[in-house]
Amino acid sequence: MGIVHGDLMTLNIGPQHPSTHGVLRLKVKTDGEIISEVEPYIGYLHRCFEKHCENVTYDQVIPYTDRCDYIASMNNNFGYAVAVEELMKIKVPERVEYIRVIVAELNRIASHLLALGTFGLDVGAFTPFLYMFRDRERILDIFEVLCGARLLYNYIWVGGVSHDFPKEFVKIVYSFLDYFEPKIKEYNEILTYNKIFIERTADVGVMPPEVAISYGVSGPNLRGSGVQWDIRKNETYSIYEKFDFDIPVGSGIMGTVGDCWDRYYVRMQEMPQSAKIIRQALKAIPEGNVHQALPKKIRPPKGFIYKRTESPRGDLAYYIVSDGSPIPFRLKMRSPAFTALSVLGEISQGWMMSDVIAILGSLDIVLGEIDR
Amino acid sequence: MSEDQDKYIAEVVEKALRGDMDAINNIEDRVTRSKAKAALIKAKRLSKTAAAEAAPAEETAQTDTTPTEKSLNQKVAESLEKKFSGSIDSEDVNEHIQLNGKNWFEIAQYLKDNPDLLFDSLQCITGFDFGEGEALEVRYNLHSMTHYHAIEIRIKTDRNDPKVPSVEQVWRIGDWFERETYDMYGIVFEGHHNMTRILCPEDWEGWPLRKDYETQETYHGIIVPKVKEGWE
């Protein structure tokens, strides 16, 4: 971009910095104010998730999956439970499937609210952050009613869930949805169509679909680039095929397809879709015993499985190899944020320092899941 | 390893060979159990009586594979055999395709570009250790965003000198996935531009996810805590 090239300056962002969403260090080489190279250094939160899993039983892995992506713990539990169930060929009761979809979609809304709020914060909008945290708080309260925990739930187990819905729970969720759905308009007014916000994000950090696919980027980031890919629809699991919902993709309304604004807007449009799924599920939820299919001892037969699910950040996959014992022989977690961060160096070249922060915010990474 | 432990392991391995896997699985001590498992694998290899069960997991695995998936794997295997003869290691291609690593870069390029296959997305690279003294393996899960199909490729490599050609230039995400596999298993991906550790510190010793890994005692003068025994 720059015509006159000066000496490159090396600059460190992080590991402790509010805009890095955790403990991430970016080594940035700048030519004046133009970025010529960004190299992420990760591993500050590495806790040997995979080694740990080789030492504990299958059910003891679940609390650790909570702690990988601590923003969307339900979805992590869900993905793990689905993978082990498929390995063991367990069929869970209908009620459990509905409960799981409801809590996973609620958690998706909470996760997106946090992602959008902090993204606004990164580019200098403080108020929307408070609005979104206010509403996220209500979802956390709902989860507290459900299982006592606000962030790390350990709720979805292999073969079932830990508790059935408490009394009046359906009513609470309905009242939340009635409260939440009109709020989307409020967010749009305060942030989405804010002129400064558009200036800061539209046309910035464009990620073409080929680049996104080559880097394994998935979820809302990939859809922001205009690729219609959602595991809930394309490789459906659990009971997602029963629900009617759309997959929003980026279309470059404010700038180019695949810019920061598109990634932001895909998340914004996904929240009402999640609400739609929850409404359908609440309506159709059958009666049943949620502990009926819980296995006494989880001991999958010899074999392996690679199972993908759609977490709020993208394709969350577990590769599990069982040797027939109650302890996983090998468990690998394919984390969507890991692949999303790897693309940062590619798409932030040629932008200004402040744009790198915007691009990083739009990728919605969680370091707990990257480092595992 | 003390002599008592040796004796104990020999006993449980005897039992397991007679079909009582619980003898091993119920060992309280984590280290002893993994050692016993490794010994069991060796014993099986030697006796060759249970050749099919040699590896702890996969070979005998029975998972449901739909007919379409089977035909895809066979199709890929056939076209690879035609184009790169001698690159496929195993006849059995129902669940995965076992390559020997020769020409892997060219094969990867072919899998990505062939209009019938178009595996444009590398989903995951998983390192794998069969146990103490056994081979290491790299497993690639490929997916096509055009045809919506997926395959699994596996490449075995020697434990003492693990080397696999890098596919970083084919799928860009290979860069980080390969670094992660190197970090955890010490498998060197030849042709990678920056083969360094990614999650562990640069000067960490050993390959943590190998089955025979033992934690270093100190790191920069700080004592590395040992795994607590009997925490299961």
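Just a yes or no: is a residue in the range A:69-79 among the charged types (D, E, K, R) and either part of a helix (DSSP H, G or I) or at pLDDT 90 or above (or both)?
no
Hey, does the range A:327-347 have a residue that's more than 22 Å from the chain's Cα centre (by Cα), among the aliphatic types (A, V, I, L, M) and away from chain B (no Cβ under 11 Å)?
No, every residue in the range A:327-347 fails to be more than 22 Å from the chain's Cα centre (by Cα), among the aliphatic types (A, V, I, L, M) and away from chain B (no Cβ under 11 Å).
Mind checking which pairs have a first residue in the range A:156-173 that is under 17 Å from A:P93 (Cβ atoms) and a second that is of a type in the set (S, T, Y) and surrounded by fewer than 22 Cβ atoms within 10 Å (Cβ to Cβ), Cβ under 8 Å, 6 or more apart or different chains?
Here the result reads A:I156/A:S162, each pair linking the range A:156-173 to a residue that is of a type in the set (S, T, Y) and surrounded by fewer than 22 Cβ atoms within 10 Å (Cβ to Cβ).
Inspect all residues belonging to the range A:270-289 and state whether any of them is outside any helix (DSSP H, G or I) and crowded, with 24+ Cβ neighbours inside 10 Å.
no
Do any strands (runs of 3 or more DSSP E) lying entirely in the range B:110-191 carry at least 3 residues that are over 13 Å from the mean Cα position of the chain (by Cα), and which ones are they?
B:121-129, B:188-190
What pairs come up if the first residue lies in the range A:80-105 and is over 27 Å from A:K302 (Cα atoms), the second is among the hydroxyl-bearing types (S, T, Y) and assigned to a helix (DSSP H, G or I), and their beta carbons are under 6 Å apart, counting only those six or more places apart or on different chains?
Filtered contacts from the range A:80-105: A:E105/A:S274.
Residues in the range B:181-203: is at least one more than 29 Å from A:G216 (Cα to Cα), away from chain A (no Cβ under 13 Å), out of contact with any strand residue (DSSP E or B) (no Cβ under 8 Å at 6 or more places or on another chain) and not aromatic (F, W, Y)?
no
Being buried (at least 20 other Cβ atoms within 10 Å of the Cβ), more than 7 Å from chain B (Cβ to nearest Cβ) and within 23 Å of the chain's Cα centre (by Cα) is the filter; apply it to the range A:29-57 and report the residue that is farthest from B:I198 (Cα to Cα).
Here the answer is A:C53.
Consider A:D364 carefully, then state whether it is farther than 24 Å from A:F243 by Cβ and among the acidic types (D, E).
no
With the requirement that a residue be at the interface with chain B (Cβ under 8 Å from one of its Cβ atoms), crowded, with 20+ Cβ neighbours inside 10 Å and under 27 Å from A:L282 (Cα atoms), what does the range A:206-240 give you?
Once the filter is applied, which keeps residues that are at the interface with chain B (Cβ under 8 Å from one of its Cβ atoms), crowded, with 20+ Cβ neighbours inside 10 Å and under 27 Å from A:L282 (Cα atoms), the range A:206-240 yields only A:W229.
So is B:W176 facing another protein chain (nearest Cβ under 10 Å), touching a strand residue (DSSP E or B) at 6+ places or on another chain (Cβ under 7 Å) and buried (at least 20 other Cβ atoms within 10 Å of the Cβ) or not?
no
What residue, of B:A52, B:A10, is at pLDDT below 75, over 22 Å from A:T57 (Cα atoms) and in a helix (DSSP H, G or I)?
It is B:A52.
Taking the options A:V84, A:V61, name whichever one is more than 25 Å from A:A340 (Cβ to Cβ), within 14 Å of another protein chain (Cβ to nearest Cβ), buried (at least 21 other Cβ atoms within 10 Å of the Cβ) and touching a Pro at 6+ places or on another chain (Cβ under 8 Å).
A:V84
What residue, of B:D158, B:D116, is away from every other protein chain (no Cβ under 12 Å), free of Cβ contacts under 8 Å to residues at least 40 places away in the same chain and over 25 Å from A:A317 (Cα atoms)?
B:D158 is the lone residue from the list that is away from every other protein chain (no Cβ under 12 Å), free of Cβ contacts under 8 Å to residues at least 40 places away in the same chain and over 25 Å from A:A317 (Cα atoms).
Is it fair to say A:E270 is within 14 Å of chain B (Cβ to nearest Cβ), acidic (D, E) and either touching a residue at least 24 places away in the same chain (Cβ under 8 Å) or more than 16 Å from A:V101 (Cβ to Cβ) (or both)?
Spelling it out, it is not the case that A:E270 is within 14 Å of chain B (Cβ to nearest Cβ), acidic (D, E) and either touching a residue at least 24 places away in the same chain (Cβ under 8 Å) or more than 16 Å from A:V101 (Cβ to Cβ) (or both).
It is to be established whether one or more residues within the range A:299-318 are within 24 Å of A:E241 (Cβ to Cβ), among the aromatic types (F, W, Y) and buried (at least 23 other Cβ atoms within 10 Å of the Cβ).
Yes, the range A:299-318 contains at least one residue that is within 24 Å of A:E241 (Cβ to Cβ), among the aromatic types (F, W, Y) and buried (at least 23 other Cβ atoms within 10 Å of the Cβ).
The values are calculated or read from the model by the stated rules, or taken from the named source; none is laboratory data. The model shown is predicted, which means the values in this text are computed figures rather than measured ones. Using ideal geometry, Cβ is built from the backbone for each residue, glycine included, and neighbour counts are taken over all protein chains shown.
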